[in-house]
Structures are given as C-alpha cells and as structure tokens.
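What follows is a set of notes on a single structure, which appears directly below.
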Amino acid sequence: MKRFLHNRVALAALIIFTLLLLSCVVFPLLGYSDYESLHLDQQYAPISLQHPFSTDNLGRDFFTRMMVGGRYTLGLSLVSTVLAVLFGTVIGTLSAYKGGLLDRIVVSLCEALSAVPYILIVIIIEVALGWGKGYFSLAIAIARMPSVIQTIRAAVLSVREKEFISAAKVLGKSDWYIITRHVMRNVYSTILVQFCSTYGASIVACSVLGYLEIGISSPVPEWGRMVADYFHLIQSRGHLVSIPCLFISVSVLCITMITNGLRDALDPKEYQHE
Amino acid sequence: MFKFIRNRILGAIGVLFAAVFAVFTILTYLPGSRLRYLPIQGENDLLDRYFALIKASPNLLTRYLRYMYNIITRFHFTSNFRHHDLSAEILTRTRLTLLLTVLGFVFIVVFGIILGVIAAHKRGTWIDRLISGASMFLASIPPFCLAIYLALIFCLGLKLLPVFGYAKPVNFILPTVTVSAAALANVIQICRFQVIEELNKPYVRNLQSRGQRESVILFRHALKNALIPTVSVIREMTATIFMSTFIAEWFYAIPGIGYYMIKAINSRDYGVILACTVVIAIFIIIFNIISDVVYCLLDPKMRSKEMGYSQDV
C-alpha cells in the first residue's frame, strides 16, 4: 500500500477518480436529480449555478444528466465487474486447483469466448434473456469473465505447485482450507489488479454499447448513450458530445493508471527492470 | 509445422460450426419476430402456424446443416425469418469490412512495430515517454471517443479530412486509425518491452563491441527475436480489432457488416444477425489461421518440430 501511495501518477488518478465517483453520488442528492423533465423554453441556457454545463436541445439540465449518467455508467460497470471477478475467481480457482476434465472444459470455453468480439456475446445474451439493466450488467460480466478466469487460473496454477501446498496436503488439511488459507493469500494481489482492469474494460464496454444504442435505452442518461443522442449537434454544440466523451476517457484513463500503479506496487519483482 | 497448422484449421472449423450452432439455436427459439409487426389483421392464427412450422419441422439439426450447406457451397445466406436472399447484400458489405480490417491490420503491424522499436531505441527520452503515454491513452479510451476526438480535430477544427463517405481513399484514413488504435497501442507497448529486453542481453553488447551498426542490431537482431511475442499479441487482439471495426463503421457510416448487424439488432432482425455472426466468425478464424502461419514461420522452435527434432529434449 505504501508503495502505491508513493506512485504520484497512480495517486493522482485515484484522487481524480474518487472525486468523479463521489460527485456522481453526491450531486444527485443535492438537488441535481431531475434529468428528464423538459423545458423547451430554456434550450441551451447560459451557464449558471442552476445549469453549470448549460442545457441540452430539449432544455434538460446537462450537468444533472452527466451526474445521473455517471451513476449508470460507473455503477452498472461496477456491478458487472463485481459479478465477473467473483464468478471468475471461483471458476478459475476451482478449474486450476482441481484440474482434469473440468479444467479442460473451462479453458476451451474461455478460449472460444475470448475469440469473439464482446459486443456479440452481450447481444446474444441480451437477446436471449431480455433487455434490462440487470441483464445488461450480467451480459457485460459474462463477456468479461474469460479474461478474469484465465488470469486467475494462471496465478493459482503457479501457486499450486509450491511446497507449502503439498505440505498442507500432507498435514491432511481439506481442500477448502488450503484454498482459502493458502491459495487465496497468494493470489489476492492478482485478483485486485484484475478487478481494476476489469472495471476499466467494463466501463468501456458499457459506454460502447450505449453508444451503439444496444445498451441502456434512451431517456436514461448513460454517458455513451448521451454521445449518440447528441451526436447530431456536434457542429453547433460540440460540448454536448465532447463532455461525455471526456468523462468516459478520464475515468477509464484513471482506472488504467490505478491498475498500473497497483501492479507495480503489488508485484515489484516482475516490473523492476523498467 | 504443417501438422500444427492443419490441426489449428480443423479446430477452428469445429469451433465455427459449434458457435454458429449455438447462435442458430438461441435465435430460433427466441420469442418475438419481425413478422409479428406485419400488417396482417386477424390472422395471428396463420402466423402461429407458420412459427410452429419453422420451429418444428424439419428438426433443428437438419435445418442448421442445410443452412451451413447453403453457405459453404454457394455463399447463399438463407433466412428463416425474412424470406429473401441476403447473399448479395452480405457480399457487398463484406468487401467493405474486409477492406477496413485489412487496412487496420497493416497499419497496426507497420506502425506498431516501427513506433515500438523507436521507443525502445530512445528509451528514457521524451520520445519514448511521448510514445508510451500516447499508447497508454489509446489503449484505454473507447474507440468511439477516439473517433469523436479525431472528427473534432481533423474534420471540424482543421477541416483536413472528410467525416463521412467511403468512395475515396481519403475517407479511409480516420476509420483505419479508429479501427487500429487500441490494438496498435498494445502492440507498441509489447514491442517496446520486448526490444528493450533483447537489448539488455549479452549478445547485443558483443555486437556493439564488434562495431556493428545500431540499425542492424535493432532491426536484424533485437526485433527479430522480439517479433514472436508481438505477433502473439496481435493474434490475441483480433476480437478487439473487429469490435473497433463495428464502431468505426457505425461512426463513419460505412455500410459494412458491423453497421448492418447493429441495425439488425436494433430492429430485431434475427436472420441478419445470424448471417453477420457467421461472416464475422469466418473472418476471425481466417485471421487467426494467418497469424498462426506467421507465428510458425517466425518461431524456430515450431520449424524444428516439423523437421523432426526438438531442441528441448
């Protein structure tokens, strides 16, 4: 942790991202929560305290839409990340620890899934299950899971052959005990790094699907969806397109930097020669 | 080597059939169809009977095999859901997508390797920091954000390039950049890392002390060894590149497969979704086989396996 805090870039990224996340949580509670009522008399209102980012073509407050949209983009991605990492860790650990047929099935499934563009997976899951926020985050989670499983599996495999695992087995400890006490202690840093990188990828996936008008449907202000909605105004009101874009880019960049910082801090021996 | 490639091709074809079968099954048993929205009044009974017919007979496997047979022998995309022939449309759109993807791949290979080598050669200087920073930026932002930044800068700001259209070669500059950005950034990072690894090895110092020119050391010795992991990264990025192709087509309004598919998804046109899935799966498999062949040609271990002896005995 100390090493992470000494990394100035990662620390700055963490602070910026936390501020972004907090503002998305706090501002809707402070009264900026009405994102859908129309005021056609107030199109493109001048910047004021009431409308810090002006208003859009239908007179809706743009700042409110950004903040509420952040709740959807960042929140849904967080849900799908938690799902992906949770199930990915369980499946990856079991597959690596048990080996055999289960392992082979999991590996080949992951290979097949990771060769397909994730948009295809999300679409097929959404078409098959239904179109809603819950299914949407589940779909992103499933699309992100193969890479999580592969990473965790590799990490567990490298731990499994260590002497202390054999020693624990000789002592007659149960598999559950070995996995929770010994294996998890050694792969938790991998899981943490994987969590961060999956979160970044999920935000990208969420906004891309929103942009392609496949994800969350229109009145809900999801950032990627907002880019698509205001795209026809790019020449006259460029900020309506560029602000959501900027927010997506900044949050994903911050997460990438946090991921890199965490990786360097938790796994110094692999990256020290850089 | 040939054995390895043959196995890969057979495996890929197996995966193709399995994947298409899965999608075929899911799309067949889905509720809802475009036909429901046709202005047929009071004839729901007829539609129900039609649906019962296409769902029940002949059985799923037979219909699936017939579907694949038509595609393989005549490139003929039938649709259970919309009774007209999709082949002509798929074919014209496939050309555009293929063009865009191949351009993207060429761009990635050429610029990824050149920039990676430059960054490694000038490591620690501002050039290296610039290239690494830019590649980190490109690797993390979603492709459509990049497309919008590019459009804002080059089309609206500098008025250099056109935003839309696909008739002239100029139109393909921005889409190519958009398609390749994410994968390019990854290739640069890996290439830089690997070349630096190679330059730290003793044989490079030996070459330097013999007075070998820097460019020869970089390109003929270090890059040659660094290429193998780089190619494997490109192979892993295939899915990402196709993903970016979808987005670039959608953004720049290029009527390729990706554009067609997104339109089809928004209008729940399952026959088109299935056809596009098949085409994209074939694309991915072809690109994977090509990169496998390149990989084999580059990796001496693979070549020696073919010759009948192995070094790691």
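Within region A:5-18, is there a residue that is touching a strand residue (DSSP E or B) at 6+ places or on another chain (Cβ under 8 Å) and in a helix (DSSP H, G or I)?
no
Having 2 or more residues that are surrounded by 19 or more Cβ atoms within 10 Å (Cβ to Cβ) is the bar; report the helices (runs of 4 or more DSSP H) wholly within region A:155-274 that clear it.
Counting at least 2 such residues, we get A:184-211, A:223-229, A:238-266.
Considering each of B:Ile265, B:Ile280 in turn, give the residue that is more than 12 Å from the chain's Cα centre (by Cα), of a type in the set (A, V, I, L, M, F, W, C), within 11 Å of chain A (Cβ to nearest Cβ) and not in a loop (DSSP other than H, G, I, E, B).
Working: B:Ile280 fails: more than 12 Å from the chain's Cα centre (by Cα).
None of the other options fit; the residue is B:Ile265.
Identify, by number, the condition in (1) over 30 Å from A:Val187 (Cα atoms); (2) surrounded by fewer than 21 Cβ atoms within 10 Å (Cβ to Cβ) that A:Leu102 doesn't meet.
Every listed condition holds for A:Leu102 apart from (1).
Looking only at region A:45-58, decide whether some residue is in a helix (DSSP H, G or I) and free of Cβ contacts under 8 Å to residues at least 60 places away in the same chain. It would help to see each step written out before you state the result.
In the first step, residues of region A:45-58 are kept if they are in a helix (DSSP H, G or I); the result is none.
No, every residue in region A:45-58 fails to be in a helix (DSSP H, G or I) and free of Cβ contacts under 8 Å to residues at least 60 places away in the same chain.
Looking at region B:206-223 only, could you name the residues that are loosely packed, with under 12 Cβ neighbours inside 10 Å, under 39 Å from the mean Cα position of the chain (by Cα) and among the charged types (D, E, K, R)?
B:Arg213, B:Glu214
Looking at (1) at pLDDT 80 or above; (2) under 30 Å from B:Pro300 (Cβ atoms), which one does B:Leu99 not meet, given that it meets all the others?
Among (1) at pLDDT 80 or above; (2) under 30 Å from B:Pro300 (Cβ atoms), B:Leu99 violates only (2).
Pick out the one residue from B:Phe242, B:Phe246 that is without any contact (Cβ under 8 Å) to a residue 40 or more places away in the chain, at the interface with chain A (Cβ under 8 Å from one of its Cβ atoms) and either surrounded by 22 or more Cβ atoms within 10 Å (Cβ to Cβ) or not in a helix (DSSP H, G or I) (or both).
B:Phe246
Among the listed residues A:Glu126, A:Glu111, identify the single one that is within 13 Å of chain B (Cβ to nearest Cβ), surrounded by fewer than 16 Cβ atoms within 10 Å (Cβ to Cβ) and acidic (Asp, Glu).
Checking each option against the conditions leaves just A:Glu111.
Just give me the residues in region B:106-155 being of a type outside the set (A, V, I, L, M) and crowded, with 21+ Cβ neighbours inside 10 Å, in sequence order.
Result: B:Gly112, B:Gly116, B:Ser135, B:Ser140, B:Pro142, B:Pro143, B:Phe144, B:Cys145.
Yes/no matrix, rows are residues, columns are (1) surrounded by fewer than 20 Cβ atoms within 10 Å (Cβ to Cβ); (2) within 10 Å of chain A (Cβ to nearest Cβ); (3) of a type in the set (Val, Ile, Thr):
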| position | (1), (2), (3) |
| --- | --- |
| B:Ala181 | no, no, no |
| B:Ala185 | no, no, no |
| B:Pro229 | yes, no, no |
| B:Thr238 | no, yes, yes |
| B:Trp250 | no, yes, no |
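From the list B:Gly157, B:Gly133, which one is under 18 Å from A:Gly238 (Cα atoms) and within 12 Å of chain A (Cβ to nearest Cβ)? Step through it out loud before you land on a result.
On the way: B:Gly133 fails: under 18 Å from A:Gly238 (Cα atoms).
Unique residue meeting the criteria: B:Gly157.
May I ask you to say which residue of B:Ile262, B:Ile286, B:Ile257 is buried (at least 24 other Cβ atoms within 10 Å of the Cβ) and of a type in the set (A, V, I, L, M)?
That would be B:Ile257, the only listed residue that is buried (at least 24 other Cβ atoms within 10 Å of the Cβ) and of a type in the set (A, V, I, L, M).
The values are calculated or read from the model by the stated rules, or taken from the named source; none is laboratory data. Model, not experiment: these values are computed from the prediction. Reconstructed Cβ throughout: ideal geometry from the backbone, glycine too, with neighbour counts over all protein chains shown.
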